[in-house]
1. Can you find, among 228, 213, 64, the residue farthest towards the positive end of the dipole of the chain? Put +1 on the C-beta of Lys and Arg, -1 on that of Asp and Glu.
2. Any idea what Rg and Dmax come out to for segment 41-177 if you just take the C-alpha atoms, in Å?
3. Treat the count of other C-beta atoms within 10 Å as a stand-in for reagent exposure and order 214, 89, 170, 104 from fewest to most.
4. Using the eigenvalues of the Cα gyration tensor, what equivalent ellipsoid semi-axes result for the chain when each is taken as the square root of five times the eigenvalue, whole Å, largest first?
5. For segment 112-239, what number of Lys pairs, 8 or more residues apart or on separate chains, have alpha-carbon atoms under 23 Å from each other?
6. On alpha carbon coordinates alone, what is the Rg over Rh value for segment 112-239, Rh being the Kirkwood radius?
7. At a Cα cut-off below 22 Å, give the lysines reachable from residue 85, other chains included and same-chain residues fewer than 8 away excluded.
8. Hey, fewest Cβ within 10 Å first, where do 149, 120, 31 land in order?
Amino acid sequence: MSRELRVENLRSKNEGKFQWKKAGTFGDAAVFAFYPNKQITTGEGGMVVTDDAKLASLCRSMANQGRGSPHGIPIPRGKGGEWLKHVRLGYNYRMDEMSAALGLAQLSRIEEIIAARARVADWYGKALEKIEGVESPYVAPNVRMSWFVYVIRLSDQYAREDRDQILQKLKQRGIGCSNYFQPIHRQPFYRKMFGYKEGDFPITEQTASRTIALPFYNNLTEGKVDYVVEDLADILRSID
Ligand SMILES: *Cc1c(COP(=O)(O)O)cnc(C)c1O
C-alpha cells in the first residue's frame with residue numbers, strides 16, 4: 001500500500017462533515033505491505049486486517065494452501081487429518097516466525113520511524129518551496145501522514161522528455177531517483193486484461209510523466225536533502 005498507515009479522509013454520511021479515520025479501520029478489509037522499502041518491514045510479506053470473521057477465516061485458509069480454518073483459527077501443523085485437508089485452492093502465504101519476530105521489533109519502533117520520515121519530508125518541503133517549477137506532495141490539514149516515498153511533480157511546462165533528462169542528470173550526479181510507477185492502466189497486465197491503452201486517462205498520464213521520486217529514507221540528513229534540492233535546482237536551470 002502506497003503510504004502505508006496513511007490516514008484517509010472520509011465524508012461522514014450523517015453529519016455531512018469530514019471525519020478522519022485511521023488507515024485499516026474502514027472498508028471490508030485493508031492491507032499492509034512489509035517489503036523492505038516500507039515504513040516497517042518483515043523482510044517480505046504483508047498483512048490483511050478485517051473485522052469480518054468470515055473474511056478473516058477465508059484469508060487464513062487461502063494463505064495456508066487452502067486448508068480449512070473451521071473455527072476461524074489456523075490449524076496447528078500436524079494436528080490430525082485437518083492439516084492434510086484442503087477445502088479450496090490456496091497459496092503458501094504463511095508468515096514465518098523469523099519474519100514475524102522482525103516485524104514485532106520494527107513495530108516497537110514505528111513512532112520513531114514515522115517521525116524520522118516526517119522530519120525528512122519536512123526538510124524537503126521547505127527546501128523545495130524555494131524552487132520554481134516543482135510541486136511537493138500535498139498533505140491535507142489534520143492528516144497525520146505516514147511517509148513512504150517522496151514524489152515531487154514538475155510543473156506543466158515540462159514534458160516527459162524533460163523529466164527523463166532530469167532523472168538522468170540527477171543519476172549522473174550520484175543521486176538515486178526514479179520516475180516511480182507508471183499509472184496502473186499502463187501496466188501490461190491491465191492493458192491485456194481490460195484493453196486499456198495510452199490516452200485513456202490523459203490527466204493521470206500527464207501527471208505521471210512529470211513525477212520524480214527523490215531519495216527518501218529514515219536516516220537522510222538535512223544536509224543531504226539540501227544537496228539533492230540544490231542539484232535539482234541547478235539541473236532545472238540548465239534545461240530551461
Ligand atoms: C509495496 C507496494 C505494493 C505492495 O507490494 P507488497 O508485495 O505487498 O510489498 C504495491 N504497490 C506499491 C506502489 C508498493 O510500493
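Values quoted throughout were computed directly from the atomic coordinates according to the rules given, and no laboratory measurement underlies them. Only a predicted model underlies this, so the values are computations on that prediction, with no experimental measurement involved. Cβ sites come from the backbone with ideal geometry, for glycine too, and all protein chains shown count toward neighbours.
1. About the Cα centre, the residue reaching furthest to the positive side is 64.
2. Computed over the Cα atoms of segment 41-177, radius of gyration and Dmax are 22.7, 68 Å.
3. 89, 104, 170, 214
4. With the √(5λ) rule applied to the chain, the semi-axes are 39, 21, 20 Å.
5. Numbers: 126/169; 126/171; 126/224; 130/169; 130/171; 130/224; 169/224; 171/224.
Taking the Cα cut-off of 23 Å, the pair count is 8.
6. Taking Rh as the inverse mean 1/r over Cα pairs, Rg/Rh reads 1.00.
7. 54
8. On the way: 149 19, 120 22, 31 13.
Fewest to most other Cβ atoms nearby, the residues stand as 31, 149, 120.
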